[in-house]
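J.: Quick one: the structure is below, questions incoming.
The values are calculated or read from the model by the stated rules, or taken from the named source; none is laboratory data. A quick note: this is a predicted structure, and the numbers were derived from the prediction, not measured. Note that each Cβ is placed from the backbone with ideal geometry, even for glycine, and that neighbours are counted across all protein chains shown.
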């Protein structure tokens, strides 16, 4: 499959990205809809989730990505691999989270990952960053008690800001005060693999939903 050339950054605040995600018929998407769900926000081409779906067939995996061409390519690759516990959707996480689960038979969201989001370095663009207090509040409402959120970035300031926003919400507790040396998950994103291969650090933290 040819690799698509897609814009690296899109402005999530532009009018184009203010529509809720279009929901599929979930029982037609997953072979077993009642398995616990892992949501990867900003999944890119789906490299990480494809690995996870193959290694943990007793989980369902859902990727949400704001760049539609990447979603189309990820779905094609999923179909080639015949993975029935994996799906990808095009949408803006800060608009679409609650609507994602309206038609599910029950709330099974047990794990969330937010990995290497766009850093938006300029101060005037910080409002475009993915992890805003409103997103954290949505996840606090949707995650099962004891559920986990993995945060990763190769930009320490971005990782710290994400942690600060989760720590500010009383629904979450950080598993360790220090950056995690290794990911608790058995797969890596393309960005994580590249960063580590260059000998550069990855800043990781795990937050748990309080019971």
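J.: Would you say residue 61 is crowded, with 18+ Cβ neighbours inside 10 Å, within 12 Å of the chain's Cα centre (by Cα), outside any helix (DSSP H, G or I) and modelled with pLDDT of 95 or more?
T.: The answer is yes for residue 61.
J.: Follow-up. Condition check: out of contact with any strand residue (DSSP E or B) (no Cβ under 7 Å at 6 or more places or on another chain) and either in contact (Cβ under 8 Å) with a residue 12 or more places away in the chain or exposed (fewer than 14 other Cβ atoms within 10 Å of the Cβ) (or both). Does residue 156 satisfy that?
T.: Criteria not met by residue 156.
J.: Out of everything in region 74-95 that is part of a helix (DSSP H, G or I) and crowded, with 21+ Cβ neighbours inside 10 Å, what residue ends up being modelled with the lowest pLDDT?
T.: Restricting to residues being part of a helix (DSSP H, G or I) and crowded, with 21+ Cβ neighbours inside 10 Å, the top hit is 93.
J.: Moving on to the next point. Need the failing condition index for residue 28 against (1) in contact (Cβ under 8 Å) with a residue 12 or more places away in the chain; (2) surrounded by fewer than 19 Cβ atoms within 10 Å (Cβ to Cβ), just the number.
T.: Among (1) in contact (Cβ under 8 Å) with a residue 12 or more places away in the chain; (2) surrounded by fewer than 19 Cβ atoms within 10 Å (Cβ to Cβ), the lone unmet condition for residue 28 is (1).
J.: Residue check, residue 104 against (1) assigned to a loop (DSSP other than H, G, I, E, B); (2) surrounded by 17 or more Cβ atoms within 10 Å (Cβ to Cβ); (3) touching a strand residue (DSSP E or B) at 6+ places or on another chain (Cβ under 9 Å); (4) touching a residue at least 40 places away in the same chain (Cβ under 8 Å), all met but one. Which one?
T.: It fails just one condition, (2).
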